[in-house]
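Chemist: Please read through the structure below; I'll follow up with questions.
The values are calculated or read from the model by the stated rules, or taken from the named source; none is laboratory data. Since we're looking at a predicted model, the values are computed, not measured. With ideal geometry, Cβ positions are generated from the backbone for all residues, glycine too; neighbour counts draw on all protein chains shown. Areas reflect the complete protein model, heavy atoms only, side chains present, ligands, DNA and RNA absent. Shrake-Rupley method; radii C 1.70, N 1.55, O 1.52, S 1.80 Å.
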Amino acid sequence: MKSKVLNNSDIFRIMENWAPKSLAYEWDNVGLQIGSYHKPVKKILVTLDVTESVVDEAVENDVHLIIAHHPLLFKPMKQVNIETAQGKIIQKLINNGITVYAAHTNLDAADGGVNDMLCDLLGIDQREILLETSNEKLYKIAVYVPESHVKDVSVSLSDSGAGHIGNYSHCTFQSKGQGTFKPLEGTNPFIGAENEIEIVNEVKLETIVQQSNLQNVINHLIDAHPYEEVAYDIYPLENEGKQYGIGRIGTLNKPMDLKSLCVHVKEVLDVPALRVTGNLNKKVKSIAVLGGSGEKYIHTANRKGADVYITGDMSFHIAQEAEQIGLSVIDPGHYIEKVMKKATKEYLEQKLKQNKVEILISTTNTEPFTFM
């Protein structure tokens, strides 16, 4: 089978199936940063940051698309001055036809996103969201299918992500009935003939779908359905949908003292140094994690019962405040979010295994600090 030539927008859609843009914080700027939605892509570079060195790496490797965690453009620009560091980067990207896409706080909050990646490496289990920020809306989709195609359409709906209730998948309800229609002039009906009323034994197939996946499910439904014009209904539901939010909190596989945890963090997150507050001899088990800068949430971590809060960019006075409320803090730096590079590559390779798209991990070190 000949593989499809993908455009940037196809890759964006795949990324947003994992990390919907709706999960991003209000202040964040995710999605397309520089470039084109429609340009074909055969080679992708995954990076934490978009620096000039990273762009040079992309140019050298003939990359068409850069997927970054940290957005290149955080705030609206009033000018593009190519004599500035950012202006030089933008000019080089445009001159070489390279598109940049960012998945930032939406990838932090997503299932299997940055915070879950960090917890996996650290061995933190039984985890839950540290602070809920959103609750995804749910919809019911009902479609009318001829009896001969119920199985095909049902499987297509479920395989595209519909029909999940708790720990159960492929949940549908089916009720039999009769459908009527009259194909008008110029139609090409699957059943019936032009200008004749047709009565068909059909099944009303109902299932549930998350808002972020609704359009994807509709697309699969239409592809699988035999009718030229597909009749379906969408109903908003009051049921509580999946929760998303900031950070994670859970428990270590086995308790350890704070000093041993620091050694463990350095080893598994591959950092040369870290900062820590609290009694290094105290036993810890409940751990809160927030990749990036999470100092705003020390009280949330404390209220949730965390013994230790692992996050980056902890400032002096906030660290003092955490110590005073009895919360130990480990600050391994912002660069630990580099874990997203390997995980994003693996995710894209799995989704693109039928297409000839090469995924590279950036080897450029964008950590601005040197540890002495």
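Chemist: Looking only at region 109-125, count how many residues are open to solvent by 10 Å² or more (accessible area, probe 1.4 Å) and under 22 Å from residue 45 (Cβ atoms).
Modeler: Total satisfying the criteria: 2.
Chemist: From the list 92, 75, pick out the single residue that is over 26 Å from residue 213 (Cβ atoms) and either among the acidic types (Asp, Glu) or surrounded by fewer than 16 Cβ atoms within 10 Å (Cβ to Cβ) (or both).
Modeler: Values: 92 fails: either among the acidic types (Asp, Glu) or surrounded by fewer than 16 Cβ atoms within 10 Å (Cβ to Cβ) (or both).
The unique qualifying residue is 75.
Chemist: Do the conditions hold for residue 226, that is, is it assigned to a strand (DSSP E or B) and more than 30 Å from residue 367 (Cβ to Cβ)?
Modeler: On the way: assigned to a strand (DSSP E or B): no; more than 30 Å from residue 367 (Cβ to Cβ): yes.
When the stated conditions are applied, residue 226 does not pass them.
Chemist: Being in contact with a strand residue (DSSP E or B) (Cβ under 6 Å, 6 or more places away or on another chain) and closer than 27 Å to residue 65 by Cβ is true for just one of 283, 341. Which residue is that?
Modeler: On the way: 283 fails: closer than 27 Å to residue 65 by Cβ.
The unique qualifying residue is 341.
Chemist: If you go through region 164-193, how many residues are part of a strand (DSSP E or B) and not hydroxyl-bearing (Ser, Thr, Tyr)?
Modeler: Restricting attention to region 164-193, the residues satisfying the condition of being part of a strand (DSSP E or B) are 165, 168, 173-181.
Going one step further and asking which of them are not hydroxyl-bearing (Ser, Thr, Tyr), we end up with 165, 173-174, 176-179, 181.
The number of residues fulfilling the criteria is 8.
Chemist: Moving on to the next point. Look at region 1-33 and say how many of its residues are over 20 Å from the mean Cα position of the chain (by Cα) and of a type in the set (Val, Ile, Thr). Give the steps one after another, and end with the answer.
Modeler: Going residue by residue through region 1-33, those that are over 20 Å from the mean Cα position of the chain (by Cα) are 1-5.
Remaining after also requiring of a type in the set (Val, Ile, Thr): 5.
Result for region 1-33: 1.
Chemist: Another question, then. Any chance you could count how many residues in region 265-283 are more than 27 Å from the chain's Cα centre (by Cα) and not in a strand (DSSP E or B)?
Modeler: Taking region 265-283 as the starting set, the residues that turn out to be more than 27 Å from the chain's Cα centre (by Cα) are 272-283.
Still in the list and also not in a strand (DSSP E or B): 272-274, 278-282.
Qualifying residue count, region 265-283: 8.
Chemist: Separate question: Kindly provide the set of residues from region 230-250 that are out of contact with any helix residue (DSSP H, G or I) (no Cβ under 8 Å at 6 or more places or on another chain), touching a residue at least 40 places away in the same chain (Cβ under 8 Å) and not in a strand (DSSP E or B), ordered by number. Talk me through it step by step, then tell me what you get.
Modeler: Let us first name the residues in region 230-250 that are out of contact with any helix residue (DSSP H, G or I) (no Cβ under 8 Å at 6 or more places or on another chain), namely 231, 233, 235-240, 242-243.
Filter again for touching a residue at least 40 places away in the same chain (Cβ under 8 Å), leaving 231, 233, 235-237, 239-240, 242-243.
Matches in region 230-250: 231, 237, 239, 240, 242.
Chemist: Moving on. Say we look at region 210-243 and pick out the residues that are open to solvent by 40 Å² or more (accessible area, probe 1.4 Å) and of a type in the set (Phe, Trp, Tyr); which of these is farthest from the chain's Cα centre (by Cα)?
Modeler: Here the residue is 232.
Chemist: Being of a type outside the set (A, V, I, L, M, F, W, C), outside any strand (DSSP E or B) and either surrounded by fewer than 19 Cβ atoms within 10 Å (Cβ to Cβ) or at pLDDT 95 or above (or both) is true for just one of 202, 128, 196. Which residue is that? Step through it out loud before you land on a result.
Modeler: Values: 202 fails: outside any strand (DSSP E or B); 128 fails: outside any strand (DSSP E or B).
So the residue among 202, 128, 196 that is of a type outside the set (A, V, I, L, M, F, W, C), outside any strand (DSSP E or B) and either surrounded by fewer than 19 Cβ atoms within 10 Å (Cβ to Cβ) or at pLDDT 95 or above (or both) is 196.
Chemist: Only one of (1) surrounded by fewer than 21 Cβ atoms within 10 Å (Cβ to Cβ); (2) within 26 Å of residue 219 (Cβ to Cβ); (3) at pLDDT below 95 fails for residue 23. Which number is that?
Modeler: The failed condition is (1).
Chemist: Quick check on my filter: what residues within region 131-172 are closer than 30 Å to residue 297 by Cβ, exposed (fewer than 14 other Cβ atoms within 10 Å of the Cβ) and touching a residue at least 40 places away in the same chain (Cβ under 8 Å)? Full working, then the answer.
Modeler: Step one: list which residues in region 131-172 are closer than 30 Å to residue 297 by Cβ, which gives 131-138, 164, 166-167.
Among the residues that remain, those that are also exposed (fewer than 14 other Cβ atoms within 10 Å of the Cβ) are: 132, 135, 166-167.
Residues satisfying the conditions are 132, 135.
Chemist: For region 285-372, list the helices (runs of 4 or more DSSP H) that sit wholly inside it and hold at least 2 residues that are within 30 Å of residue 58 (Cα to Cα), modelled with pLDDT of 95 or more and open to solvent by less than 10 Å² (accessible area, probe 1.4 Å); which are they? Talk me through it step by step, then tell me what you get.
Modeler: Numbers: elements: 298-303, 316-324, 339-351.
Answer list for region 285-372: 339-351.
Chemist: Are there any pairs, at least 6 apart or on different chains, whose C-beta atoms fall under 8 Å, with the first in region 50-72 and polar (S, T, N, Q) and the second open to solvent by less than 10 Å² (accessible area, probe 1.4 Å) and not in a helix (DSSP H, G or I), and if so, which?
Modeler: Sorted first by the residue in region 50-72, then by its partner, the pairs are 61/45.
Chemist: Filter the helices (runs of 4 or more DSSP H) completely within region 12-110 down to those with at least 2 residues that are in contact with a Gly (Cβ under 9 Å, 6 or more places away or on another chain).
Modeler: On the way: elements: 52-60, 85-95, 105-109.
Here the list reads 85-95, 105-109.
Chemist: In addition: In region 244-284, which residue that is open to solvent by 70 Å² or more (accessible area, probe 1.4 Å) and among the charged types (D, E, K, R) is modelled with the lowest pLDDT?
Modeler: Here the residue is 254.
Chemist: So, one more: Residue 253 - would you say it is part of a strand (DSSP E or B), touching a residue at least 40 places away in the same chain (Cβ under 8 Å) and more than 21 Å from residue 323 (Cα to Cα)? Before you say what the answer is, go through the steps one by one.
Modeler: On the way: part of a strand (DSSP E or B): yes; touching a residue at least 40 places away in the same chain (Cβ under 8 Å): yes; more than 21 Å from residue 323 (Cα to Cα): yes.
Spelling it out, residue 253 is indeed part of a strand (DSSP E or B), touching a residue at least 40 places away in the same chain (Cβ under 8 Å) and more than 21 Å from residue 323 (Cα to Cα).
Chemist: So residue 14 ticks every box in (1) aliphatic (A, V, I, L, M); (2) within 30 Å of residue 136 (Cα to Cα); (3) crowded, with 21+ Cβ neighbours inside 10 Å; (4) in contact with a Lys or Arg (Cβ under 9 Å, 6 or more places away or on another chain) but one. Which box is left unticked?
Modeler: Only one criterion is unmet by residue 14, namely (3).
Chemist: So, residue 309, is that one within 22 Å of residue 246 (Cα to Cα) and in contact with a Phe, Trp or Tyr (Cβ under 7 Å, 6 or more places away or on another chain) or not?
Modeler: Numbers: within 22 Å of residue 246 (Cα to Cα): yes; in contact with a Phe, Trp or Tyr (Cβ under 7 Å, 6 or more places away or on another chain): no.
Judged against the criteria, residue 309 is not a match.
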